[in-house]
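The values are calculated or read from the model by the stated rules, or taken from the named source; none is laboratory data. Values in this document were obtained by computation on a predicted structure and should not be read as measured data. Here the Cβ positions follow ideal geometry from the backbone for every residue, glycine too, while neighbour counts run over all protein chains shown. The protein model used for the area step is the full one, side chains on, heavy atoms only, and it has no ligands, DNA or RNA in it. Shrake-Rupley method; radii C 1.70, N 1.55, O 1.52, S 1.80 Å.
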Amino acid sequence: KYWFENYRWFISSEGNLVVAGKDAKSNEKVVKKYMQDDDIYVHADVHGAPSCVIKARDIHGNKKEIGEQTIKEACQFAVSYSKAWSQSYGVALAYWVYPWQVSKRAESGEYLPTGAFVIRGKRNYEKCQLEAGVGIVEIDGEEKVMGGAPSAIKKWAKKWVIFIPGDEDKNEVARELAKIFGGDVEDLQRALPPGKLAKKEEKL
């Protein structure tokens, strides 16, 4: 098992590893333990969204420049795996900043809870469609379930389904996908966005 499998993750279509927290504790860890100076920090413009880090590396730790497409995919990932999925109308905002803009130091007299950070300086905003894909990818000869931005899923996955917010129950969908992909139901639940779904397109 790779270290990033403890978090939400996907491989961008340009080959960068993107990781995000699943809760306050893992949000804290992703930023404090894994964010390096040449990475990029991404967050949906929604309260309680995951902290998301674009690594300037591939999944094996080799250096990889962060391109524009990767930033767009990570922003889409950040909004689609946040509360925006259930609340908004198909579109939400995310922003990205450099690691030096992300701080654990609150203003005097303020308290920062676990998983919360202060962002200083200019935020770069992206408007994103709420869409997420889930597919089966092969990493070093092993099949893994990957959930992330549709363009990245389509690039790397052999079989995939793209979702938008809808009326289908997430657990039902995960069970259905487990039959199609032959994957584990829990892995698929983790890879799906947090709310009800509708299928947009598929390649099975």
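Residue check: is GLY182 touching a strand residue (DSSP E or B) at 6+ places or on another chain (Cβ under 9 Å), surrounded by fewer than 20 Cβ atoms within 10 Å (Cβ to Cβ) and small (Gly, Ala, Ser)? So that I can check it myself, show each step before the final result.
Working: touching a strand residue (DSSP E or B) at 6+ places or on another chain (Cβ under 9 Å): yes; surrounded by fewer than 20 Cβ atoms within 10 Å (Cβ to Cβ): yes; small (Gly, Ala, Ser): yes.
Criteria met by GLY182.
Filter the range 1-18 down to residues that are over 12 Å from GLY61 (Cβ atoms) and either in a loop (DSSP other than H, G, I, E, B) or aromatic (Phe, Trp, Tyr) (or both) and give me whichever is farthest from the chain's Cα centre (by Cα).
At the first step, the residues of the range 1-18 found to be over 12 Å from GLY61 (Cβ atoms) are 1, 5-15, 18.
From the residues that got through so far, the ones that are either in a loop (DSSP other than H, G, I, E, B) or aromatic (Phe, Trp, Tyr) (or both) too are 1, 7, 9-10, 12-15.
Working: LYS1: 18, TYR7: 9, TRP9: 6, PHE10: 7, SER12: 10, SER13: 13, GLU14: 15, GLY15: 14 Å.
Top of the filtered list is LYS1.
Within the range 129-148, residues that are farther than 11 Å from TRP9 by Cβ and touching a residue at least 12 places away in the same chain (Cβ under 8 Å) reach partners that are hydroxyl-bearing (Ser, Thr, Tyr) and open to solvent by less than 20 Å² (accessible area, probe 1.4 Å) with beta carbons closer than 8 Å, at six or more positions or on different chains, in the pairs LEU130/SER80; GLU131/SER80; ALA132/SER80; ALA132/TYR81. Among the numbered conditions (1) closer than 17 Å to ALA191 by Cα; (2) modelled with pLDDT of 95 or more; (3) out of contact with any Leu (no Cβ under 6 Å at 6 or more places or on another chain), the only one that ASP23 does not meet is (2). Restricting to the range 5-24, name every residue that is of a type in the set (Gly, Ala, Ser), open to solvent by less than 10 Å² (accessible area, probe 1.4 Å) and touching a Phe, Trp or Tyr at 6+ places or on another chain (Cβ under 8 Å). Matches in the range 5-24: ALA20, GLY21. Within the range 63-76, can one find any residue that is of a type in the set (Lys, Arg), open to solvent by less than 30 Å² (accessible area, probe 1.4 Å), in a loop (DSSP other than H, G, I, E, B) and modelled with pLDDT of 95 or more? Within the range 63-76 (the criterion being of a type in the set (Lys, Arg), open to solvent by less than 30 Å² (accessible area, probe 1.4 Å), in a loop (DSSP other than H, G, I, E, B) and modelled with pLDDT of 95 or more), the answer is no, since none of the residues qualifies.
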